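Colleague: Would you mind keeping the following structure in view while I ask a few things?
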């Protein structure tokens with residue numbers, strides 16, 4: 001299983017991930033209801049630590065990360081940080097999909113279809 005190292009987890013990421021799971025954004029909660037309990041044929045984790053990052057959702061089996069971005073991600077500094085973060089995660093072997101809050105909340109069927117298509121490419125035998 002791909003995750004962060006134990007020292008980093010205990011020292012800084014554990015509480016942050018727990019707080020994020022307890023207080024998801026409406027879009028994160030909405031998408032989680034669609035991803036949880038193997039609804040797409042694979043297991044997703046939410047607020048999972050990978051390297052020094054906590055990703056919104058990850059399917060470790062497919063090496064697929066899903067990020068749900070609020071309006072803060074349009075800020076130039078945040079967008080630059082996100083780009084570097086995505087690069088690091090891709091260098092580690094993950095595919096990163098990004099959706100806006102609006103896409104998740106107002107176009108859920110298309111978001112789920114995009115996720116299914118990527119799951120089928122990454123895991124051709126999956127039910128996705």
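Colleague: So which of 77, 69 ends up being without any contact (Cβ under 8 Å) to a residue 60 or more places away in the chain and surrounded by fewer than 16 Cβ atoms within 10 Å (Cβ to Cβ)?
Modeller: Unique residue meeting the criteria: 77.
Colleague: Take residue 38 and tell me if it is at pLDDT 95 or above and touching a helix residue (DSSP H, G or I) at 6+ places or on another chain (Cβ under 7 Å).
Modeller: no
Colleague: Could you tell me which of the residues 102, 117 is under 16 Å from residue 35 (Cα atoms), out of contact with any strand residue (DSSP E or B) (no Cβ under 8 Å at 6 or more places or on another chain), assigned to a helix (DSSP H, G or I) and modelled with pLDDT of 95 or more?
Modeller: Of the residues listed, the single one that is under 16 Å from residue 35 (Cα atoms), out of contact with any strand residue (DSSP E or B) (no Cβ under 8 Å at 6 or more places or on another chain), assigned to a helix (DSSP H, G or I) and modelled with pLDDT of 95 or more is 117.
Colleague: What about residue 82, is it in a helix (DSSP H, G or I), in contact with a helix residue (DSSP H, G or I) (Cβ under 9 Å, 6 or more places away or on another chain) and surrounded by 15 or more Cβ atoms within 10 Å (Cβ to Cβ)?
Modeller: Yes: the conditions hold for residue 82.
Colleague: Which one of these does residue 70 not meet: (1) modelled with pLDDT under 90; (2) over 18 Å from residue 17 (Cβ atoms)?
Modeller: Tallying (1) modelled with pLDDT under 90; (2) over 18 Å from residue 17 (Cβ atoms), residue 70 fails exactly one: (2).
Colleague: Right, residue 119: touching a helix residue (DSSP H, G or I) at 6+ places or on another chain (Cβ under 8 Å) and either within 27 Å of residue 14 (Cα to Cα) or surrounded by 14 or more Cβ atoms within 10 Å (Cβ to Cβ) (or both) or not?
Modeller: Spelling it out, it is not the case that residue 119 is touching a helix residue (DSSP H, G or I) at 6+ places or on another chain (Cβ under 8 Å) and either within 27 Å of residue 14 (Cα to Cα) or surrounded by 14 or more Cβ atoms within 10 Å (Cβ to Cβ) (or both).
The values are calculated or read from the model by the stated rules, or taken from the named source; none is laboratory data. Just so you know, these numbers come straight off a predicted model, no measurement behind them. Neighbour counts run over all protein chains shown; Cβ positions are idealised from the backbone, glycine included.
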